[in-house]
Amino acid sequence: MEIIWQSLPRLLEGAWLTVHITALSVVMGLLLAVPLALLRVSRNPLFWTPAYGYIFYFRGTPLLVQIFLIYYGSGQFQTELDALGLWVFFRQAYFCAALTLTLNTAGYTAEILRGAIQAVPHGEIEAARASGMSGWLLYRRIILPKAFRLALPAYSNEVVFLFQATSLVSIISLMDLTGVARVIAARSFAFYQLYITAGVIYLIITYGILFIFKKVEFRLSGHLRDRKDTVLAVDGVPVR
């Protein structure tokens with residue numbers, strides 16, 4: 001137990017880096033995923049083909065390979081990146097990790113949103129068109145809000161998967177939660193204690209993320225709140 005208490009401050013520092021890089025990747029990935037999903041549902045091959053290729057690649061290849069390609073592979077283009085002023089970013093492990101996680105989660109999120117957009121009831125779309133909505137106004141007021149609500153359960157799982165996948169960034173020398181646990185365990189040989197502690201921290205944060213999404217989903221789903229407070233009567237007998 002002594003090694004756990006001594007290592008806890010460093011493990012929490014690593015956990016903060018894990019949460020930070022996860023939050024950054026989620027926000028940037030969502031911003032990239034929305035236009036990708038819109039391109040994906042387009043009927044024009046010039047639009048949906050590149051989006052499909054992007055999603056196909058990032059969903060079909062291991063995240064570890066993607067990290068290696070961006071972190072180690074970018075070194076082969078150092079001259080070109082330096083000429084563009086980008087090498088100062090690509091030589092940093094944090095930037096490469098955040099970029100890879102962003103691109104990866106954008107592919108998965110875009111596919112989730114694509115399915116949610118196509119799942120929006122056709123009757124609601126036709127009603128909006130009958131009211132004079134079309135184009136971007138239709139997407140902004142009807143399709144996208146409904147699609148986000150439909151996609152929320154699946155998207156919460158994607159955020160959890162991304163959070164857990166950040167453990168791979170320790171391979172490129174980032175001292176996240178897994179990286180800190182590995183270094184301390186290698187020096188103290190307390191592998192069991194350190195990795196169990198790291199696993200408990202991951203577990204706590206994971207269920208914290210799920211709790212937040214559950215609250216958001218409940219707040220956005222007004223029909224669920226109304227159903228809880230509504231009393232129906234069947235043959236004079238109150239039924240909830």
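Annotations
- Label zone at Q92 (point 7 Å along Cα-to-Cβ), backbone N below 19 Å, segment 152-170: 169-170
- Modelled FRET efficiency - R0 45 Å, Y57 with R129, Cβ distances, 0.05 increments: 0.80
- Over segment 2-224: Rg over Rh, Cα atoms, Kirkwood Rh: 1.06
- Accessible carbon and sulfur surface of segment 2-224 relative to its total accessible area, %, 1.4 Å: 68 percent
- Of the DSSP H helices in the chain, those whose Cα atoms cover at least 30 Å axially and whose Kyte score averages 1.0 or more: 2-40, 191-220
- Taking the chain as a Gaussian network of alpha-carbon nodes connected by springs under 10 Å, the highest mean-square fluctuation of the residues A33, A93, A110 belongs to A93.
- Full extension of the segment from A119 to N157, taken as 0.36 nm per residue of separation minus the current Cα-Cα distance, would add 11.8 nm.
- The relative contact order of the chain comes to 26 percent, based on Cα pairs under 8 Å that sit 6 or more residues apart.
- Centre-to-centre, using Cα atoms only, segment 152-225 and segment 92-112 are separated by 16 Å.
- Peptides ranked, highest mean first, by Cβ atoms within 10 Å: ranges 63-76, 144-157, 117-130: 144-157, 63-76, 117-130
- Averaged per residue, the chain has 60 square angstrom of accessible surface, using a 1.4 angstrom probe with ligands and nucleic acids left out.
The values are calculated or read from the model by the stated rules, or taken from the named source; none is laboratory data. Remember, it's a predicted structure, so these values are computed and weren't measured experimentally. Heads up, the Cβs are rebuilt from the backbone with ideal geometry, glycines too, and the neighbour counts pull from every protein chain shown. To get the accessible areas, we keep the full protein, side chains included, count just its heavy atoms, and leave off ligands, DNA and RNA. Shrake-Rupley method; radii C 1.70, N 1.55, O 1.52, S 1.80 Å.
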